[in-house]
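Taking it in order: structure first as structure tokens, then the write-up.
Read-outs: derived from the displayed coordinates by stated rules, not from any lab. Worth saying up front: this structure is predicted, and the values here are computed from it rather than measured. Here the Cβ positions follow ideal geometry from the backbone for every residue, glycine too, while neighbour counts run over all protein chains shown.
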Amino acid sequence: MAVSRGAVLFLFLLLATAEMATIDAKMGVAKQTLLKDKVKEKEEEEKSKGKEERQCVSQSLQFKGFCLNSDKCPEVCKKESFADGECKLGLSNRKCFCKKPC
């Protein structure tokens, strides 16, 4: 049985088109899954943001000198009735800033 080149080419193209449609369908499902995952991640981030306490920050009034060592800053802040403290860059140098829940 002899089959012409045109018929073989036609069947090959038909098979390739069907395979491409299958790949497109699989990619569409994958894209939908990725979008759903991104939406879930955003929802979880928003929920976790709502659960986190806001932190109020105030410059320490009792800390003296440059704030190079962050170990002393939290100690001074605790004496000032704050929960924690850290060295941050002020206008011209590093200063001790105290933190507490708002």
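Observations
- Segment 91-102 residues that are under 13 Å from Ser81 (Cα atoms), paired with ones that are acidic (Asp, Glu) and in a strand (DSSP E or B) (beta carbon under 8 Å, 6 or more apart): Phe97/Glu86; Cys98/Asp84; Lys99/Asp84; Lys99/Glu86; Lys100/Asp84
- Residue check, Glu80 surrounded by 14 or more Cβ atoms within 10 Å (Cβ to Cβ) and either among the charged types (D, E, K, R) or free of Cβ contacts under 8 Å to residues at least 40 places away in the same chain (or both): yes
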